[in-house]
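Working notes, beginning with the structure itself.
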Amino acid sequence: MSTDTPFTELTDHRQKALQEELGELLDVVGPAQLFELLLERSFHLRATDIHLDPYEEGLRIRLRVDGIMHEVLTVPTELAPQMISRAKLMAGMNITERRIAQDGHISRTITNLHRDVRVGGGPTIFGERLVLRLMPDSNSLRRLEDLGPEPTQVELLKRCASRPYGLIVIAGPVGSGKTATIYSCLELANDPTKSVLTIEDPVERRIPGVTQIQIDPKIGFGFPEALRGVMRQDPNIMLVGEIRDSETAQIAARAARTGILVLSTLHASDAAGSFDVFHDFGVPAIFIADSITAVVAQRLIRKVCQSCHTLTPATDTERQLLAAECAVPDDLQLAHGAGCPACFQSGYSGRTGIFEIITVDEDLRQALLSHAPRAEIVRIARSKGMSSLTAAASRRVVDGTTTIEEMHRLLLTEPL
């Protein structure tokens, strides 16, 4: 089944059962209590986000599962304010304020696990909209190996995280798994003989032995202010949740250059593009070349559902496409999911990471100092063994983890 098939057109019994359950309970318990059940069911389904979107016909409720949005219910317009108010009350938000954007946080125990939910909302032309980010279990995905990098990439990151100083940048779009990777790197670097601090917005995972600081832009305590303060607190290792602006980028680079191991995330399309972002932030080339140890770009790619897994021989076109990036056997069989109740009829269940890593050696340092174009940075990195995101995805297609269609969807390449 094509990954582009709208969820509303699917005939999946699991999705219908959830819609029927929520629809029946809406009439029995009302929208306020229904919200709590929705929250519980969303965690069971491994959803990462819940969207409550107001439209003229009512409040549209959708879940994001494995990166794809699925519609589960529409609450009538006259009942929508009750559900929104219940969510805002649980999140500690001002339920009487509907004119401005607000942030909140829900912390509760679901199925014997402590779960955190980040809530953001604001006005639209049809009423208030809320988006809930469901944070994963803090005990899951702690090891770098569990995130999906190849063994050589794991060893490379372990070496970078063991260095006494330098800047390690995790790059990718929103929802690409950057936070899990940076926490795993921090776990590797964490040492009781060192001073380890984090600056986050918000603190997403508690780590024993680490001093964690949450910024609060409302009172003028953002990343730059927190970084300046932490620099005077004798740190050996710092995690900076995100480099969002010029000042944060410059302070982080300066800290890494002066003997501190700094871990941070950045919005960039690939590893080489991260250097351009630092240039755009006005960081001098010498700071970029001397401070950055490694840049990791990543995506989360959907895995073929094992409950409806099938194999078909690869066509000549498919084999040639994959052979351009990795080794391909002559008798290659490609995996596909036929679609079943276990995977919302999508053919996919769960996700894993694909990565590309650029480490800065002397050759790359000289290229950065001379303001070499992006293409030259990529050429040097590949000559040193850097594997691109496309190559990583191609290997996951060849080993049966995912499909060519998913690789195209994720990396915005041209379809066959």
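Side notes on the structure shown:
- Cβ-defined net charge surrounding Arg142, 9 Å radius [Lys, Arg +1; Asp, Glu -1]: 0
- Label sites at Gln214 and Lys194, each approximated as a point 7 angstrom past Cα along Cα to Cβ, lie 2.6 nm apart.
- For region 235-291, a Kirkwood radius taken over Cα pairs fed into Stokes-Einstein (25 °C, viscosity 0.890 mPa s) yields D = 217 µm²/s.
- In summary, region 144-411 shows an alpha-carbon radius of gyration equal to 1.08 times the 2.2 N^0.38 Å reference for compact globular proteins.
- 10 Å-binned pair-distance histogram of region 111-247 (Cα, whole percent): 10, 36, 36, 15, 4, 0
- With a Förster radius of 30 Å applied to the beta-carbon distance between His279 and Met231, the computed FRET efficiency rounds to 0.85.
- Debye log10 I(q)/I(0) for region 113-160, one point scatterer per Cα, at q = 0.26 Å⁻¹: -0.92
- Farthest toward positive dipole pole in the chain [+1 Lys/Arg, -1 Asp/Glu at C-beta], among Ile168, Phe355, Tyr55: Ile168
- Value of [θ]222 nm, deg cm²/dmol, for the chain, DSSP H segments ≥ 4, -39500 (n - 2.57) each, nearest 500: -11000 deg cm²/dmol
- The tail of the calculated P(r) for region 175-263 beyond 17 Å holds 45 percent of all Cα-Cα pairs.
Rule-based calculations on the coordinates, nothing more; no lab input. If you're wondering where the values come from, they're calculated on a predicted model, not measured in any experiment. All Cβ positions, even for glycine, are placed from backbone atoms using ideal geometry, and neighbour counts span all protein chains on display.
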